[in-house]
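One structure is given here, and the rest of the page talks about it.
The values are calculated or read from the model by the stated rules, or taken from the named source; none is laboratory data. These numbers come from a predicted model, not from an experiment. Areas reflect the complete protein model, heavy atoms only, side chains present, ligands, DNA and RNA absent. Shrake-Rupley method; radii C 1.70, N 1.55, O 1.52, S 1.80 Å.
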Amino acid sequence: MNGTIDGFSYGLVTPVAAFVMACVGSALGLRCVVRTIHHEPGWRTGWLALGAASLGCGIWTMHFIAMTGFSVQQTSITYDIPLTVLSLVVAIVVVSAGVFIVGSRGATRASLAVGGSITGIGVATMHYLGMFAMQLNGDLRYDTVTVALSLVVALVAATAALWAAVSVQGFLRSLGASLVMGLAVTGMHYTGMAAVSVHLHNTSSQVANGQSGASLLLPMLIGPVIFLILAGAIVMFDPVLILGQGEWNKSARGRSGPTGGNGPASPAVTEPEDLFASYDGRGPGGR
């Protein structure tokens, strides 16, 4: 007998909260990757690591919040804690690989193809590993076509996000890209959930092992949420990240205009090395 599935047990609360967390993680991740493109090599690894961890935590938090709204009418659902934690590790590690490839090599076709594939597969792996951590009085079955569609969505979303991270300049445009990324990741999750059906066992026994979604939610989310808050603070206190290359250059041009009515105008800062040399207080060419 198939169980009656409800993916929205709390109405719009869980999908909206999941979307918000996906957007937060995407925004932080993308802005950190943008910061590495024009920064000195000594700082790039740290920004890439922060961006990858932010993106991975945001995606995992989105998944887990959305899963709290999933229920089967005829049986209780619990979660295996080690597998749930493993899904978080997978999200961060595999997403990091894709981010480091594009962040270090730039938005070439090859790096986007490899990095997007790794990141997309990582997101999908995290999702289905989290599903495997579910324990209930039945077996989960998946529609092959819908699962394949969720993988396509994950690959396209990951590739587009990595492209946006190194190609979209300016804070507002990056914010728009993070909203699209959050929508795509959340859409991938619910596409994967649409592939699920539950075949109940012919027994009335209930699952007793593991932790229910409600009891596991708060302690499991504390760590990732605190990390995202700290990452957001780091991003907020970096002026180049907030302004973006486009806005920073506009400000530089405004300051470098004519000093007098007939005086010559100073050249605008246009090159990345000049931009960040000025930011470091050394002036253009002050290496």
Original post:
Any idea of residue 128's accessible area? Nearest 10 Å², probe 1.4 Å.
Top reply: 50
Original post:
How would you classify the range 64-105 from its alpha-carbon gyration tensor, with a ≥ b ≥ c the square roots of the eigenvalues: rounded for a/c under 1.5, else prolate if a/b is greater than b/c, otherwise oblate?
Top reply: prolate
Subject >> Long-range HN-HN contacts of residue 137 with modeled amide H, under 5 Å >> reply: 76, 207
Original post:
Given a 1.4 Å probe and every protein chain left where it sits, what share in percent of the accessible area of the range 58-179 is carbon and sulfur?
Top reply: 71
**OP:** Any chance you could look up the accessible area of residue 222 with a 1.4 Å probe, heavy atoms only, rounded to 10 Å²?
**Re:** 80
Original post:
What figure in square angstrom, to the nearest 10, would you give for the accessible area of residue 201 with a 1.4 Å probe?
Top reply: 80
**OP:** Per residue, how big is the convex hull around the C-alpha atoms of the range 9-101? Give it to me in cubic angstrom, could you?
**Re:** 79
Subject >> Where 141, 173, 31 fall by accessible area, highest first, once all protein chains stay in place (1.4 Å) >> reply: 173, 141, 31
Subject >> Rounded Å value of the spacing that divides the Cα centres of the range 120-153 and the range 175-197 >> reply: 13
Subject >> Surface per residue (accessible, 1.4 Å probe) for the range 30-150, Å² >> reply: 38
**OP:** Could you order 44, 35, 109 so the one with the most accessible surface comes first? Probe is 1.4 Å.
**Re:** 109, 44, 35
**OP:** Compare 171, 64 by solvent-accessible area with a 1.4 Å probe and give them largest first, with all protein chains kept in place.
**Re:** 171, 64
